[in-house]
1. Could you run the Debye sum over the Cα atoms of region B:574-637, one equal point scatterer each and no solvent, and tell me log10 of I(q)/I(0) at q = 0.23 Å⁻¹, two decimals?
2. Just the number, please: percent antiparallel of the DSSP beta bridges in chain B, rounded to the nearest 5.
3. Nothing charged except the Cβ atoms of Lys and Arg (+1) and of Asp and Glu (-1): what's the magnitude of the dipole of chain B about its Cα centre? Round to the nearest 20 debye.
4. Too long at a 24 Å Cα-Cα cut-off: which of B:LYS318/B:LYS389; B:LYS234/B:LYS527; B:LYS222/B:LYS449?
5. Just the Cα atoms of region B:419-479: what Rg and Dmax do they give in Å?
6. B:ILE445 to B:ASP503: FRET efficiency via 1/(1 + (r/R0)^6), r the Cβ-Cβ distance, R0 35 Å, to the nearest 0.05?
7. Subtracting the Cα-Cα distance from 0.36 nm times the residue separation, let me have the gained length for B:VAL644 to B:ARG112 in nm, one decimal.
8. Counting DSSP beta bridges with both partners in the protein assembly as shown, what percentage is antiparallel, nearest 5?
Amino acid sequence: MADRLSIDKKVNDAVIPEIDKSRLIGLDKSTVDRIELFLFAMSLGVKQGFRTPLIASHGFILESSILSNDIAMSEIYSLMVNEMRKTNEEEKIGNKDEAFIVAQEYANTGFQIMSEWISNLKKKDSEAIMWDLLEEMDTKYDEYFQENEEG
Amino acid sequence: MRFESISITNYRQYQSLDVAFPQTMETDLHVIVASNGIGKTNMLNAINWCLYGDEPHLGDKDDSLTICNHIALEEAKKRGEKFATVSVCIHISTSSGKITFERKVDVNVSTRFEGHDRFKALITKEDGNTEILEESAADEVVNQYLPRKIRQYFFFDGEQLHNYFGKGQDSSHVKDSIHEIAQVSVVTNTRQHLEKIIEEYQKAISKLNPAVDKLSAAITAKKADRQKLEDEIKSLEASIKESEDVISTLNQQISGTETVVADNQRYNDNLALISQLEDDEKKQKELLLALVRKYYVLLMMYDVNTATGAYIREKFEKGVLPPDINIDLIKSSLTHHECVICKSSIDSTVEAYLNSLLEKFDVSTTVSHKLVEIKNDVARAVREARNYKKDKQAIFDRLREISERISALTSENEELYKRISACSSIESIGLWMKQREENRTLIRINSEKVGVYKTQLSTLSQEISTLQAQLDFAIADIEKCEEIKHDLNFATEARSIIAAIEDEIISEVRTQMESETMTLFDELIWKKNTYGHIELSENYRLRLFHKVTNESCLGSCSAAERELLALAFTIALHRVSGHDCLLFIDTPVGRVSDINRENFAKSLITVSKKKQLILAFTPSEYSTEIRKYFDASVVSSYNKMISVDEEITRQEV
């Protein structure tokens, strides 16, 4: 049984230190817990709509740390529900190992994007990325709520 | 009168020094250059010691080395001599001949004790005859040409010029000098003598009538009190006047800059506020980042969470999400045909019921547990995503508010800075405003005191009048004292006349000093249309008035202008006193710099056309600005002193 969330070793070695160093979107370890970074990466992956399997796993967050965040586990399982429904494997919904794999693979997609951001920080700094994200969020918000409210 | 030469033997640094001051051209300007510690000031001391027997420019006589040169003492000891002799000779020329002043003292080489010094004046008249006068007779000759009481106007330290008329400076030296040159002492002594005589007559009358004695004593006591009050009032009024002058000067300095101090305060307050706002802005940006981190997850997961929420709701509605039933226990009971909990056997009816339960709850309990567990959190995540715009707007509003506030404060500070930077010295203005307020307070306090004292004075005067009337009545009663009364009246009248003469003489000298000082200052000053006239107040404080505004403006003068005014005053004093002799100034331009140093050099050359001027400079003070004007065409003699070793100073050849 998995007792921790993992990330790809390459991400752990090359991307995470750069996130900490550049304080990208305030996701560095001195500002937020690692679970918050993981959830952000996972959401970024969900937005992309595909999963990226891990080549080599590297333990990243202990289960006890996941539980310290009030929405982390429900978000991971919520994602799991959706994934299992797609493949009619709903009996697996309660399977933690499976849920962690899904979450890790979406997060891995997110980390790949963040890796690109880091490589281009000289062209687009953290603040500019933040403004892009806000624009994206505005669009999503309008898509979800504006139309409903208008409707 | 002028100095021809000075010969110094074994005096402090000088083992043997002869400096001549020949006048070789129209100017009578002599330059001595020596570094600090070489003995520039001790030359001033040597002159004073020779003429007056003391060394006023020595830091602490009790804590200084013996007057005799240390090497000279050692050499005398080696030669087996008991004493080494220190001597300073000053050769002067006057309109009637030449005089040599010589002072000597023997110093014991073993104990270093100084013996009694010996002073003499050798007067060589035009016919070639020489007269030798010693000790007090020689002192008389010195006083004839260079009076001891005003010697600080012949030989002085340039630093004195700088502080000559400064606020808070004791003006008693000016008062003493004026009285000395007015030669008013004879008249003052006469008045004091008459006062004693009057007192004696009154005592004589008192003896004839005890009531007179009592009344006289009472009047004397009251008069003493009145005098005390009058002196106090005079002193307070002088202080008020002085404060008014200070305020007037400060007003000129502060004029147009009153708001600068407030502006500066506002500028600094704004800077502090901007800094606080910038901190707040930083916090808001951190909040914005936190908002991005939180809501990015909620919004990107919104579709997922909405679908999960709907799925859980559907399962609930269909009733497929069971209450907390352990399916494994049911399955195990069916397999073993007995209840795994109570171990009772299961019949076919129970088995059929358990099988129907398994069919009904087709979702496993693990799944159902998980779905029930996340149900509320997923619903909350969906709900919370709605707050994004509101939360974001709150931060944006605050950021805009901060930005507008910073922008407004920065603009205001730009304006304030323009006004502040136009002002030369903000610290000085603050200080001036404080001084002005202090002086205003002082005037108020002193005016109140004057009011109280004047009331007391009026009461005292009435009391004295009453007592005087009683005394006159008592005296009139005594026929025998007619003659004494006559003498008393005469003495009283004489005293009044003498006192009036005393005032008149002093007043005349003061007027002469004002006029001469202004004439000289006008001649020497490089600003030709700035200063109007000079006033020497009753408390002997010198005031300089602006030509156009007629306001007192000494406080606004530069250091160089103040020094020049002091120099003009000094030369005026020479003229008015009739002792029109040399000036020896140590460090004449130490406090004067740049262009004013050049101006001052030109003024000194002007002075040297009418008066012998011996100036002792440090090498840095004898700068290019001075040398530019003090060339060979105006300097009659140039002497550079060098230190042979720590103990001996010689002229550079």
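1. Each listed q maps to, in turn, -1.01.
2. Details: 51 of 68 bridges.
Of all bridge pairs located within chain B, approximately 75 percent are antiparallel.
3. Using Cβ point charges on Lys, Arg, Asp and Glu, chain B gives about 1860 debye.
4. B:LYS318/B:LYS389; B:LYS234/B:LYS527
5. Final numbers for Rg and Dmax: 25.6, 85 Å.
6. 0.70
7. The B:VAL644-B:ARG112 span can extend by a further 189.2 nm.
8. 75 percent
The numbers here are math on the coordinates, done by the rules we state, and not lab data. Here the structure is a predicted model, which means the values were calculated and not measured. Don't worry about glycine lacking a Cβ; one is built from the backbone with ideal geometry, like all the others, and counts go over all protein chains shown.
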